[in-house]
Amino acid sequence: MKLTKILTYLKNAPSYAGQEDPDITSIEMDSREVKTGSLFVCIKGYTVDGHDYARQAAEKGAVAIVAEREVDADVPVIIVRHTKRALAVLSDAFYGQPTKQLKLIGITGTNGKTSTSHMVEEIFRKAGSRTGLIGTMYTKIHDETFDAKNTTPESVTLQKTFRKMVDQDVDTAVMEVSSHALHMGRVHGCDYDIAAFTNLTQDHLDYHQTMEEYKHAKSLLFSQLGGSFNHEKPKWAVLNTDDPASAYFAQVTSAHLLTYGIQNDADVKAENIKMAPKGTTFDLVTPKGSAQVTIPLVGLFNVYNVLTAAAIAIAADIPFATITEGIEGLKGVRGRFELVDAGQDFPVIVDYAHTPDSLENVLNTCRGLTEGKLFVVVGCGGDRDKTKRPKMAKIAVDLADEPVFTADNPRSENPLAILNDMEEGVKGAYYHSIVNREQAIFFAIANAKKGDVVLIAGKGHETYQQIGGKTFDFDDAEVAKRAILELK
């Protein structure tokens with residue numbers, strides 16, 4: 001695409017009147033990725049300002065630069081008010097507006113995004129769709145997976161990924177949408193068909209500062225669905241009536257509403273819920289029909305995830321029989337209530353629970369499986385919301401018999417300082433503090449007996465631990481398996 005052509009999409013940018021009109025071969029926001037023919041967009045981040053790398057980008061082959069101020073570079077510089085907005089517009093244009101060619105489903109909420117997105121993908125595959133998935137664990141295009149750096153990538157990466165999906169005949173894309181991405185405008189230009197909300201509980205207050213601001217960021221997914229009614233391709237907002245935030249989201253969107261819930265009246269409901277150690281059975285009640293379904297997953301949170309996925313599928317007009325077939329075929333997601341079995345005679349469970357609400361939910365589920373003592377190994381991340389720490393500790397102490405506090409991803413913080421913050425919330429209570437996460441896991445497993453349950457919470461699918469600015473290999477499930485085998 002020619003430079004003059006792509007710049008026409010920046011409606012409020014100054015027109016380019018240069019003598020040369022180079023071909024744009026890629027759009028980059030990282031100077032290290034620039035190659036001959038790139039258009040480099042200067043983004044000011046938390047620690048790095050792309051404007052400082054404009055000359056380096058030009059020297060590597062960038063043929064033009066988009067910036068918010070003048071920069072030192074021997075190529076055309078186009079000044080705009082907001083480069084992040086410009087990046088989203090340019091990326092959408094350069095890659096041919098790929099989301100207009102997809103059925104795009106966005107899922108937001110504090111907990112359940114990953115599990116729900118995988119459930120949705122499974123149902124759509126059962127319906128014959130060729131799917132793509134973007135989320136916390138990885139990006140997936142049909143059957144091929146790629147590593148993910150963020151839950152929701154930057155706009156240029158997103159649009160490039162959607163273009164690949166379209167080129168590989170994907171018709172339905174399911175993605176997790178984080179509050180950070182919504183607030184930062186990473187998803188500007190994404191033409192969502194269905195937006196779904198799981199729940200809203202405390203998280204990311206280091207970034208959003210208040211729960212109101214956090215809720216507002218989540219609401220952007222629904223308000224950005226657009227204000228017009230396209231009867232051939234309707235927009236849907238799928239909302240959880242059991243969460244108070246849904247009333248606010250319903251107000252900010254003009255999309256068609258489809259609700260789900262267990263406690264309150266809803267379009268899609270779960271009734272007669274019966275849980276067993278190896279699965280859950282309930283009646284799925286929907287506008288398209290009702291049926292008893294069984295899933296090989298436990299916990300009320302998983303029932304909510306299934307309801308979200310079912311409601312999304314109903315909004316997409318998938319036949320009810322296909323929806324129930326997809327639900328019956330669901331499998332667990334790595335790091336989400338994942339059972340580690342190495343021949344021991346007590347359950348060891350790895351779960352991503354890293355918020356007060358998710359920890360409470362998973363501990364309550366574990367309690368239903370426990371005949372003896374309930375162990376929990378839990379920590380809190382460094383450089384993140386500190387107010388969660390005493391709350392997480394109190395939940396662990398209140399709901400587990402043997403709470404073990406340890407390091408999560410300390411990042412740049414001193415792990416002992418994080419543990420001290422946790423301990424402030426449980427003064428005088430019974431707990432263990434073992435700063436080394438591997439030793440904490442070994443301790444819990446070494447002391448567990450038949451009838452006990454060991455929950456290892458916080459990191460789930462992650463295969464690393466970040467300590468002091470360095471990243472080390474660390475997989476809770478693998479460490480637990482090694483502990484079981486060595487202690488046997």
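The values are calculated or read from the model by the stated rules, or taken from the named source; none is laboratory data. For clarity, every value in this text was computed on a predicted model and none was experimentally measured. Positions of Cβ are generated from backbone atoms using ideal geometry, with glycine treated the same way; all protein chains shown enter the neighbour counts. Each accessible area value is taken on the protein alone, full model and side chains, heavy atoms only, with ligands, DNA and RNA left out. Shrake-Rupley method; radii C 1.70, N 1.55, O 1.52, S 1.80 Å.
Per residue, the average separation of C-alpha pairs within less than 8 Å and at least 6 apart gives the stretch 386-442 a relative contact order of 47 percent. Partner aspartates and glutamates whose Cα lies under 17 Å from the Cα of K84, excluding those fewer than 8 positions away in the same chain, are identified as E28, D30, D49, D52, E68, E70, D92, E154. Projecting the Cα positions of T294, A266, I312 onto the charge dipole of the stretch 249-316 (unit charges on Cβ atoms of Lys, Arg, Asp and Glu, taken about the Cα centre) puts T294 furthest along the positive direction.
Just the number, please: percent antiparallel of the DSSP beta bridges in the stretch 234-303, rounded to the nearest 5. Of those bridges, close to 65 percent are antiparallel. Per residue of the chain, the DSSP helices (runs of n ≥ 4 H) give a summed -39500 (n - 2.57) that works out to -10000 deg cm²/dmol at 222 nm.
Peptide packing for 47-53, 241-247, 95-101 was compared via the average number of neighbouring C-beta atoms within 10 Å per residue; ordered from the highest value, the list is 95-101, 241-247, 47-53. Residues Y192, Y430, Y16, sorted by accessible area with the largest first, give Y430, Y16, Y192 [1.4 Å probe; ligands and nucleic acids excluded].
Each Lys and Arg Cβ is given +1 and each Asp and Glu Cβ -1; about its Cα centre, the stretch 1-160 then shows a dipole of about 720 debye. In whole percents, the pair-distance distribution calculated for the chain from its alpha-carbon pairs, binned every 10 Å from zero, is 4, 18, 26, 25, 17, 7, 2, 0. Measuring nothing but how far apart in sequence close Cα pairs (under 8 Å, 6+ apart) lie, relative to its length, the stretch 390-488 scores a relative contact order of 29 percent. Rounded to the nearest 5, the antiparallel percentage of DSSP beta bridges internal to the chain is 35%. Accessible area ranking (1.4 Å probe, heavy atoms, ligands and nucleic acids excluded), largest first, for M1, M392: M1, M392.
Annotation: amide H-H contacts under 5 Å for K103 (H modelled 1.01 Å from N, sequence separation of 5 or more, or interchain): T172, A173.
The charge dipole of the chain, taken about its Cα centre with unit charges on the Cβ of Lys, Arg, Asp and Glu (plus for the first two, minus for the last two), comes to roughly 320 debye. Roughly how many Å² of H432 are accessible to a 1.4 Å probe, to the nearest 10? So the heavy atoms of H432 present about 40 Å² to solvent. The stretch 1-63 and the stretch 231-281 have Cα centres separated by 43 Å.
Of the listed residues E371, E423, E402, E213, the order by accessible area with a 1.4 Å probe, largest first, is E371, E213, E423, E402.
Taking the DSSP beta bridges with both ends in the stretch 152-290, the antiparallel portion is around 45 percent.
Sequence-distant contacts, meaning Cα pairs under 8 Å at least 6 residues apart, place the relative contact order of the chain at 10 percent. Given the pairs K140/K288; K449/K481; K103/K269; K11/K100; K218/K394; K44/K140, which are separated by over 23 angstrom at their Cα positions? Flagged as over cut-off: K140/K288; K103/K269; K218/K394; K44/K140.
For A196, the residues whose modelled amide H falls within less than 5 Å of its own, excluding neighbours fewer than 5 places apart on the same chain, are G106, I107, T108, V238. Take the convex hull of the alpha carbons in the stretch 1-132; its mean projected area over all directions comes to 10.2 nm².
Projecting the Cα positions of T172, H183, T145 onto the charge dipole of the stretch 134-195 (unit charges on Cβ atoms of Lys, Arg, Asp and Glu, taken about the Cα centre) puts H183 furthest along the positive direction.
Near K44, the amide H atoms lying under 5 Å from its own belong to G50; only residues 5 or more places off or on other chains count, and H is placed 1.01 Å from N.
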